[in-house]
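Worksheet: one structure, shown below.
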Amino acid sequence: MDKVKIAFIGCGGIAGWHLSHLLGFDDVEYVGFCDIIPERAENFVKRTGGTAKAYTDYKAMLEEIKPDAVYICTPPHVHGDIEFALIERGIPFLVEKPMTLDYALAEKICNAAEEKGLITAVGFQDRYLGIIEKVKDYIKDKQIGLVTGAWVGGIPGVWWWRKKETSGGQIVEQNIHLFDMSRYLFGEPTKIYVSAGKGIVDPEAAGVPGYDVEDYSSAVVTFENGVVVTLLTGCYIRDGGGVPCGLNIYCADATIEYGLRSYVKIRDKNGEQFYRNEGDHGIIEDRTFIDAIKTGDPSAIRSPYRDALKTLRLVLAANESIETGKPVDL
Ligand SMILES: NC(=O)c1ccc[n+]([C@@H]2O[C@H](COP(=O)([O-])OP(=O)(O)OC[C@H]3O[C@@H](n4cnc5c(N)ncnc54)[C@H](O)[C@@H]3O)[C@@H](O)[C@H]2O)c1
């Protein structure tokens, strides 16, 4: 295939980010954009030269066109029927995280896609960071006991974020990136315990009526290899933020500071090495997906659906621990 025919379902914020990368590739052709808000799909048609068609119903879109692959960029609660419609038609997809808010549904999607032999990718963009490759390589032979990390800030603007029913809460929607990164770097988790709190965010004063997610939480995750990762998650900071989000990795003979999507500092007996993130790793994420579709070889995709399922299980177990007040064995 010379050009990969691409369609999008969901043309909001993250879809625009993926599109900005695809626009730099000369082997992508745009065939359809679907969003329940028509202007969003129409805007994507304009951005891509006007040859694609805009739709408000993805089923109608799939009746008319046969893309080689689809980007699914809908909110976390809008999944299931979309994936099955693609699987039925044998269309591979990249889906944004969290892939659903229902583990059983995600597992069904995963099994059905695999049965059809479809290429899948999940939007864990941080796995494509060059600075993370440095960390992964550096820690290969290191003894690690403790890791701490944080994603603490304010409340994102999209309407669905503030409700647990539609976003899953901040761990599931946002800090899922650091939970996934912990799996990517330290292996598989065996146990999670999370303590959470509410009461700092005033939904009316903050302009987020209906807000019902936790304001903050602290999760302790134990890994098979004994590493213990503590991850803070919070969305109540109004002023005075600026402590970097990211991870601190405490090795027996080194410490590593990962500033989220920004830098890595390694301190060891040789002194300090500093690496700044260069360029947009999302280009690599999208290039990898397009190349997989072109060649039929998915091996370079760093987050296939089957792997991402384990991260989804971990963050949903975090919610279970918050609800029950008990640790969850994985
Ligand atoms: N990988 C990342 O770093 C990253 C960053 C931001 C968001 N995300 C994820 O991407 C997803 C979308 O987030 P966003 O910030 O782009 O949200 P958004 O609200 O900006 O965009 C979602 C779009 O989907 C559309 N939509 C809803 N239901 C639809 C349907 N049935 N058919 C077609 N379109 C439909 C909405 O109208 C909206 O335009 C979420 O799961 C979010 O967690 C991932």
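Using the Cα atoms of region 164-278, I'd like the radius of gyration and the largest Cα-Cα distance, Dmax, both in angstrom.
When restricted to Cα atoms, region 164-278 yields Rg and Dmax of 16.5, 52 Å.
Describe numerically, in nm with one decimal, the distance between label points set 7 Å from Cα along Cα→Cβ at ASN225 and at LYS294.
3.4
After finding the eigenvalues of the alpha carbon gyration tensor for region 133-184, what semi-axes result from the square roots of 5 times each, listed largest first in whole Å? Don't jump to the answer; show the numbers that get you there.
Details: eigenvalues 183, 20, 18 Å².
Semi-axes (√(5λ), whole Å): 30, 10, 10.
Could you go through region 211-217 in sequence order and give the Karplus-derived ³J(HN,Hα) for each residue, using 6.51 cos²θ - 1.76 cosθ + 1.60 with θ = phi - 60°, rounded to whole Hz, and x for Gly and Pro?
So the J values, rounded to whole Hz, are 3, 9, 8, 5, 6, 7, 7.
How big, on average over all directions, is the shadow cast by the Cα convex hull of region 1-150, in nm²?
Working: hull surface 45.8 nm².
The Cα convex hull of region 1-150, projected and averaged over all directions, gives 11.4 nm².
Could you run the Karplus curve 6.51 cos²θ - 1.76 cosθ + 1.60 with θ = phi - 60° over region 291-302 and give me ³J(HN,Hα) per residue in whole Hz, x for Gly and Pro?
Values, residue by residue: 5, 4, 5, 5, 9, x, 10, x, 5, 8, 5, 7 Hz.
Based on the mean of other beta carbon atoms within 10 Å per residue, what is the order of 122-129, 214-221, most packed first?
Averaged packing, sorted descending, gives the order 122-129, 214-221.
What would the Debye formula give as log10 I(q)/I(0) at q = 0.13, 0.22, 0.28, 0.30 Å⁻¹ for the alpha-carbon point model of region 276-329, no solvent?
Each listed q maps to, in turn, -0.54, -0.82, -1.03, -1.09.
What are the ³J(HN,Hα) couplings of region 151-160, residue after residue, when phi is run through the Karplus curve with 6.51, -1.76, 1.60 and θ = phi - 60°? Round to Hz, x for glycine and proline.
9, 10, x, x, 9, x, x, 5, 4, 6
For LEU146 and ASP280 in one chain, what is 0.36 nm times their gap in residues minus the Cα-Cα distance, to one decimal in nm? Working shown, then result.
Numbers: separation 134, 0.36 × 134 = 48.24 nm, distance 2.95 nm.
So the chain would gain 45.3 nm between LEU146 and ASP280.
Give, in nm to one decimal, the length gained when the segment between LYS191 and LEU330 is fully stretched (0.36 nm per residue of separation minus the Cα-Cα distance).
Working: separation 139, 0.36 × 139 = 50.04 nm, distance 0.55 nm.
My answer for the length gained is 49.5 nm.
What is the calculated FRET efficiency for ASP212 to ILE36, with r their C-beta to C-beta distance and R₀ = 30 Å, to the nearest 0.05?
Working: r = 23 Å, r/R0 = 0.78.
For ASP212 and ILE36, the calculated efficiency is 0.80.
Stokes-Einstein at 20 °C, 1.002 mPa s, Kirkwood radius from Cα pairs: D for region 49-123 in µm² s⁻¹?
Values: Rh = 12.8 Å.
Rounded, D is 167 µm²/s.
Based on the mean of other Cβ atoms within 10 Å per residue, sort peptides 276-284, 78-86 so the most packed one is first. Could you put the intermediate results ahead of the total?
On the way: 276-284: 14.8, 78-86: 18.8.
Ranked by mean Cβ neighbours within 10 Å, highest first: 78-86, 276-284.
Is it possible to state the helix-based mean residue ellipticity at 222 nm for the chain, with each DSSP H run of 4+ residues giving -39500 (n - 2.57), the sum divided by total residues, to the nearest 500 deg cm²/dmol? What is it? Walk me through the numbers before you get to the answer.
Working: 10 runs with 107 residues, N = 330.
That comes out to -9500 deg cm²/dmol.
Scale the Cα Rg of the chain by the rule-of-thumb value 2.2 N^0.38 Å and send over the ratio, two decimals. Walk me through the numbers on the way to the answer.
Details: Rg = 20.1 Å, N = 330, 2.2 N^0.38 = 19.9 Å.
Here the Cα radius of gyration is 1.01 times the empirical estimate.
So how strong a dipole does the chain carry about its Cα centre when Lys and Arg Cβ are +1 and Asp and Glu Cβ are -1, to the nearest 20 debye?
Values: 36 positive and 48 negative charges, 94 e Å.
So the dipole magnitude of the chain works out to roughly 460 debye.
Ratio to report: Rg/Rh of region 220-297, with Cα atoms as the point set and Rh obtained by the Kirkwood method; give two decimals. Show your work: numbers first, answer last.
On the way: Rg = 17.3 Å, Rh = 16.0 Å.
We get a ratio of 1.08 for region 220-297.
Long-range amide H contacts for GLY123: which residues qualify at under 5 Å (H placed 1.01 Å from N, peptide plane, sequence gap of 5 or more or a different chain)?
VAL95, GLU96, LYS97
Give the average over all directions of the projected area of the C-alpha convex hull of region 184-246, one decimal, in nm². Please list the in-between numbers first.
Details: hull surface 22.3 nm².
Mean projected area of the Cα convex hull: 5.6 nm².
Assuming R0 = 41 Å, can you tell me the calculated FRET efficiency for the pair TRP160 and ASP268, based on Cβ-Cβ distance, to the nearest 0.05? Kindly include the intermediate steps, with their values, before the conclusion.
Working: r = 44 Å, r/R0 = 1.06.
Efficiency computed from Cβ-Cβ geometry: 0.40.
Throughout, read-outs are computed from the coordinates displayed, never taken from laboratory work. Keep in mind that this is a model prediction, so the values were computed, not measured. Methodologically, a virtual Cβ is constructed for each residue, glycine included, from the backbone with ideal geometry; neighbour enumeration extends over all protein chains shown.
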